[in-house]
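*Asks:* Just passing along the structure, written as structure tokens.
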Amino acid sequence: MGILLFVIFFILLLLGTPIAIAIAVPSFLVIWAADLGTAVIAPNFFAGIAKFPLLAIPLFILAGFILERCGISQRIIHFANLLVGRRRGGLAIVAIGVCVFFGGVSGSGPADSAAIGAILIPAMYAQGYSRGYSAALIAAAGSTAIIVPPSIALIIYGAITNTSVPALFAAGAIPGFLAGLSLLIPAIWIARKRGYGSEQEGEEEQTCLWQAFKEAFWGLLAPIIILGGLYGGIFTPTEAAVVAVFYSLLLGFVIYRTLSLKEGYQILVDASETSAVVMLIVAFAGLFSWAGSTVGILDDLATMVMGISSNEWVVLLVINLLIFVGGMLIDAISIFYIFLPIFIPIIEHFGWNPVWFGVVMTLNLAVGQFTPPVAVNLYVTTQLANIRLEKTFKAVWPMVLAMLIALVVVILFPSLSLFVPQFFGLI
């Protein structure tokens, strides 16, 4: 039954079935075929999403939509562009910096890529950057949103493993910025090699820097309020999501006054649709995990992985290879629900810190968001650039390699993940 569960899942995945259906169908079939009782489907479906930490997900999604529509990203991009100045690869630096910063509000890689890509891809093309390079760069930089706090992926990890979400958020800060820094090297090198961007710097741009800062100030304050409240113990992650929503509404309707009631209604509709898709995957993935655990396949897989070697570094390498390959094919939420029940006994066996492992796993999955063949961020940015996915392959691989090097550094030096949560007394 366990083998049947995974075989049907991968067949449906290869056939291009939507991920929620690819997870749900084998779960239903195995529960029915193994005579586990179809009556357990409904309560397990509900139990998968009836967790208080998960309430933060639709709220952070809503906050991201509001900030995107009220013009925050344009103001921050304008300020960052003036700050960096016109130089070879200047817009590439801006793209990475703004994606990492905006990820501190949206918590979603595709949302980050869409919000920044819609503005920067046309601007980069106008300055001579190729569409393939632009799409690949923003897809890679946008992936940092799932590791930079607040992160939807880390909320899911915390809910599954009963790990402190504030501790995970704090642990993701340094690795998230390290991932962004790692992308600067190939991004700038390729841009200068190919002559992307302008080296001319106008006097007018420098005189407008202060004005651009004032316009972007309230947007720059958003992650400071959210993360400062979290690390300061003022509010929980779910309460932080509520604060993010109300602060976004304050910016859109009162400070910038760029939103109307009609636009506000459309934002609620779009955020509801996106949240429904995410929570549907969460619910079905939880059911898949329950079915796999009940028929015993997950325990067997955990035993098999530990049986590969008694050396924890070999096992860790195998686990990261599994996560990397899985991240290339499946979204992060599904990976957490499918793989974590296998990995939890291994984490306990070797005594690994679950906070550190959560950051490592999430950073690995971030690479998968822009690694072909199934790269959700690349699908978003190639649509914005109006090109085929294959056009980005040559440009994306140096960025994949750079972030994998960042992943290795985070694995070898756990203090990079654990310093901040230990400093704030979260672990």
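*Asks:* In segment 273-293, which residue that is closer than 26 Å to residue 352 by Cβ and at pLDDT 80 or above is most open to solvent (accessible area, probe 1.4 Å)?
*Replies:* 290
*Asks:* Then there is this: Looking only at segment 405-419, how many residues end up being among the hydrophobic types (A, V, I, L, M, F, W, C) and either outside any helix (DSSP H, G or I) or in contact with a Phe, Trp or Tyr (Cβ under 8 Å, 6 or more places away or on another chain) (or both)?
*Replies:* The number of residues fulfilling the criteria is 2.
*Asks:* Moving to a separate point now. Looking only at residues that are part of a helix (DSSP H, G or I) and among the hydroxyl-bearing types (Ser, Thr, Tyr) in segment 344-401, which one is farthest from the chain's Cα centre (by Cα)?
*Replies:* Within segment 344-401, the match that is farthest from the chain's Cα centre (by Cα) is 392.
*Asks:* While we're looking at this one, here's another question. Looking at segment 347-364, which of the residues that are free of Cβ contacts under 8 Å to residues at least 60 places away in the same chain and not hydrophobic (A, V, I, L, M, F, W, C) is least open to solvent (accessible area, probe 1.4 Å)?
*Replies:* 364
*Asks:* Follow-up. I'd like the full set of residues that are aliphatic (A, V, I, L, M), crowded, with 16+ Cβ neighbours inside 10 Å and in contact (Cβ under 8 Å) with a residue 60 or more places away in the chain, limited to segment 1-33.
*Replies:* Residues satisfying the conditions are 1, 5, 13, 19, 20, 23, 24, 30, 31.
*Asks:* So, residue 382, is that one open to solvent by less than 20 Å² (accessible area, probe 1.4 Å), among the polar types (S, T, N, Q) and over 21 Å from residue 172 (Cβ atoms) or not?
*Replies:* yes
*Asks:* Being out of contact with any Lys or Arg (no Cβ under 6 Å at 6 or more places or on another chain) and open to solvent by 20 Å² or more (accessible area, probe 1.4 Å) is true for just one of 336, 370, 393. Which residue is that?
*Replies:* 393
*Asks:* List the residue pairs whose Cβ atoms are under 9 Å apart, where the first residue sits in segment 195-219 and is under 16 Å from residue 84 (Cβ atoms) and assigned to a helix (DSSP H, G or I), the second is modelled with pLDDT of 55 or more and β-branched (Val, Ile, Thr), and the two are 6 or more positions apart or on different chains.
*Replies:* 216/72; 216/76; 216/77
*Asks:* Of everything in segment 36-58 that's assigned to a helix (DSSP H, G or I) and open to solvent by less than 40 Å² (accessible area, probe 1.4 Å), which residue is modelled with the lowest pLDDT?
*Replies:* 48
Residue by residue, here is whether (1) more than 26 Å from residue 228 (Cα to Cα); (2) small (Gly, Ala, Ser); (3) part of a helix (DSSP H, G or I) holds:
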{"site": "243", "(1), (2), (3)": "no, no, yes"}
{"site": "247", "(1), (2), (3)": "no, no, yes"}
{"site": "259", "(1), (2), (3)": "yes, no, no"}
{"site": "268", "(1), (2), (3)": "yes, no, yes"}
{"site": "287", "(1), (2), (3)": "yes, no, yes"}
{"site": "290", "(1), (2), (3)": "yes, no, yes"}
{"site": "300", "(1), (2), (3)": "yes, no, yes"}
{"site": "303", "(1), (2), (3)": "yes, no, yes"}
{"site": "317", "(1), (2), (3)": "yes, no, yes"}
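*Asks:* Filter segment 318-329 for residues that are open to solvent by less than 20 Å² (accessible area, probe 1.4 Å) and closer than 17 Å to residue 17 by Cβ and give the result.
*Replies:* Of everything in segment 318-329, just one residue is open to solvent by less than 20 Å² (accessible area, probe 1.4 Å) and closer than 17 Å to residue 17 by Cβ, namely 326.
*Asks:* Sticking with this structure for a sec: Across segment 205-242, what is the number of residues that are among the polar types (S, T, N, Q) and under 21 Å from the mean Cα position of the chain (by Cα)?
*Replies:* Selection size over segment 205-242: 2.
*Asks:* Looking at the structure I just gave you, is residue 75 among the basic types (Lys, Arg) and farther than 25 Å from residue 247 by Cα?
*Replies:* So residue 75 does not fit the description; no.
*Asks:* Now a separate question. Tell me which residues, restricted to segment 96-129, are more than 20 Å from residue 66 (Cα to Cα), open to solvent by less than 10 Å² (accessible area, probe 1.4 Å) and in a helix (DSSP H, G or I).
*Replies:* Answer for segment 96-129, where residues must be more than 20 Å from residue 66 (Cα to Cα), open to solvent by less than 10 Å² (accessible area, probe 1.4 Å) and in a helix (DSSP H, G or I): 96, 121, 124.
*Asks:* Related question: Can you confirm whether residue 65 is open to solvent by less than 30 Å² (accessible area, probe 1.4 Å) and in contact (Cβ under 8 Å) with a residue 24 or more places away in the chain?
*Replies:* Answer is no for this residue.
*Asks:* Could you please give the count of residues in segment 243-265 that are surrounded by fewer than 14 Cβ atoms within 10 Å (Cβ to Cβ) and not charged (D, E, K, R)?
*Replies:* Residues meeting the conditions: 6.
*Asks:* Taking residue 332 and the conditions (1) among the hydrophobic types (A, V, I, L, M, F, W, C); (2) at pLDDT 85 or above; (3) under 23 Å from residue 363 (Cα atoms), which numbered condition does it fall short on, given that it satisfies the others?
*Replies:* Of (1) among the hydrophobic types (A, V, I, L, M, F, W, C); (2) at pLDDT 85 or above; (3) under 23 Å from residue 363 (Cα atoms), only one is false for residue 332: (2).
The values are calculated or read from the model by the stated rules, or taken from the named source; none is laboratory data. Owing to the predicted nature of the structure, the values given are computational and were not obtained by experimental measurement. Virtual Cβ from ideal backbone geometry, glycine too; neighbours counted across all protein chains shown. Note: areas computed on protein heavy atoms with side chains; ligands, DNA, RNA excluded. Shrake-Rupley method; radii C 1.70, N 1.55, O 1.52, S 1.80 Å.
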